[in-house]
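Since every read-out is calculated from the coordinates, none of them should be taken as a lab result. Quantities reported herein were computed from a predicted structural model and do not represent experimental measurements. When we count neighbours, we look across all protein chains shown, and the Cβ atoms used for this are built from the backbone with ideal geometry, even at glycine.
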Amino acid sequence: MDLTARIGSVVLPNPVMTASGTAGHGTELGAYVELSSLGAVVVKSLAAYPWDGNPALRTHGTHGGMINSVGLQGPGVEAWRREQLPRLVDAGARVVASIWGRSVDDYRRAAEQLAGCPSEVLAVEINLSCPNTEAGGELLAHDPDASAATVEAVEAAGLPRWAKLSPNTSRVVDVARAVHAAGAEAVTLVNTVFGMAIDPVTGEYRLGAGERGGGLSGPAIHPVAVRIVHDVHQALPELPIVGVGGVATGADAVELLRAGASAVQVGTATFADPRACARVLAELTGLADRIGVSRVAELTGAVHPPAPR
């Protein structure tokens with residue numbers, strides 16, 4: 001079974017990665033999973049500066065998943081390069097750095113701080129779509145022009161660029177087209193769905209972000225991710241897609257591949273099972289074998305009719 005996954009210019013030995021925000025900034029999952037066995041480790045999003053994130057409480061379990069309002073807490077790119085990245089390199093991990101900002105200039109600064117990373121850093125995932133910022137970060141992934149400008153600014157990293165987009169807009173295809181034209185080699189689909197939780201007894205918001213709510217993830221959003229991956233691949237078949245959203249089994253992964261993804265990320269499932277990435281990879285491999293394909297890449301977009309010759 002050839003498990004090779006190609007995402008633009010990036011070639012991975014298999015199509016299963018961690019999802020940003022769910023596996024820490026470094027080797028936190030290394031006690032449970034051989035990090036070198038994964039396609040890549042996508043680290044939690046980093047800004048050009050340290051950031052404290054949102055007040056507690058930050059997570060709440062829901063039907064079919066969880067809602068979070070962590071608020072992108074992180075040490076900043078420079079501290080991550082100094083303190084966490086060497087451990088990932090020593091563990092043999094292939095790394096995708098994720099960055100965020102509150103303005104286009106923030107993204108540019110973060111990208112500049114990534115320049116010159118060791119070769120183990122394969123790409124930068126541009127988080128345009130986290131709903132857990134206080135002022136307007138989400139709007140980037142709703143506006144094709146703003147998203148494109150941000151992707152252009154991240155060229156300073158000197159790395160292949162993947163744009164992580166939001167499901168909370170009807171313009172996902174338009175945004176995907178714009179970021180691709182601006183230099184993104186791939187899009188990551190999708191980030192969390194806007195959500196909120198209120199205690200029915202006390203009437204208080206369950207998350208510390210209050211009326212800003214948080215982002216819903218896990219199996220509950222998997223059909224949303226499948227639909228968006230499907231529609232973007234249908235409209236832009238030349239654009240590589242990394243599928244993410246409720247991947248908890250190998251079957252979930254194969255569903256996203258058939259919809260149009262070239263690779264997948266496992267996120268919320270790791271909170272219940274820190275070995276989830278390895279298990280999903282094993283299940284995906286077994287299912288692909290039963291389907292009868294010799295290369296996992298044959299599954300990408302398989303649900304779509306062949307293009308006319």
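Send over the per residue convex hull volume for the range 181-309, Cα only, as a whole number of Å³.
Numbers: hull volume 18.8 nm³, N = 129.
With only Cα atoms used, the range 181-309 gives 146 Å³ per residue.
Around Val179, what is the net charge, scoring Lys/Arg as +1 and Asp/Glu as -1 over all other residues with Cβ under 13 Å from its Cβ? Spell out each step's value before the answer.
Details: positive: Arg161, Lys164, Arg171, Arg177; negative: Glu125, Asp143, Asp145, Glu152, Glu155, Asp174, Glu185.
Value of the local net charge: -3.
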Can you tell me, using C-alpha contacts under 8 Å and at least 6 residues apart, the relative contact order of the range 5-299 as a whole percent? 20
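About the Cα centre, and with charges only on the beta carbon of Lys, Arg (+1) and Asp, Glu (-1), how big is the dipole of the chain? Nearest 20 debye, please. All intermediate terms of the calculation are to be shown ahead of the outcome.
Values: 23 positive and 31 negative charges, 78 e Å.
For this selection, approximately 380 debye.
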Just going by the charge dipole of the chain, with Lys and Arg at +1 and Asp and Glu at -1 on Cβ, which of Ala278, Val242, Leu165 is farthest out on the positive end? Ala278
By Cβ neighbour count within 10 Å, fewest first, Leu57, Leu159 rank Leu57, Leu159
Selection from Gly64, Ser129, Thr188 lying farthest towards where the dipole of the range 5-299 points positive, charges on Cβ: Gly64
Exposure proxy order (Cβ contacts within 10 Å, fewest to most) of Thr62, Thr150: Thr62, Thr150
Pull up the DSSP beta bridges for the chain and report the antiparallel fraction as a percent, rounded to 5. 35
Other-chain or far-sequence residues with amide H under 5 Å of Trp51's (modelled H): Gly74, Gly76
At 0.36 nm per residue, minus the direct Cα-Cα distance, what do Arg295 and Thr202 gain on full extension? Give it in nm, one decimal, please. 28.1 nm
If you stretched the chain out fully between Met1 and Arg171, how much longer would it get, using 0.36 nm times the residue separation minus the C-alpha to C-alpha distance? 57.5 nm
Which one is right for this structure if Cα extents along the principal axes in Å is calculated from it: [x] 53, 48, 41; [y] 70, 39, 30; [z] 85, 71, 27? [x]
Enumerate the calculated ³J(HN,Hα) couplings along the range 192-206 in order (Karplus 6.51 cos²θ - 1.76 cosθ + 1.60, θ = phi - 60°), each rounded to whole Hz, writing x wherever the residue is Gly or Pro. 6, 8, 3, x, 7, 9, 10, 6, x, 8, 7, x, 8, 5, 7
So, in Å, what gap is there between the alpha-carbon centers of the range 160-225 and the range 231-309? 19
Residues Asp52, Asp252 in order from fewest to most other beta-carbon atoms within 10 Å are Asp52, Asp252
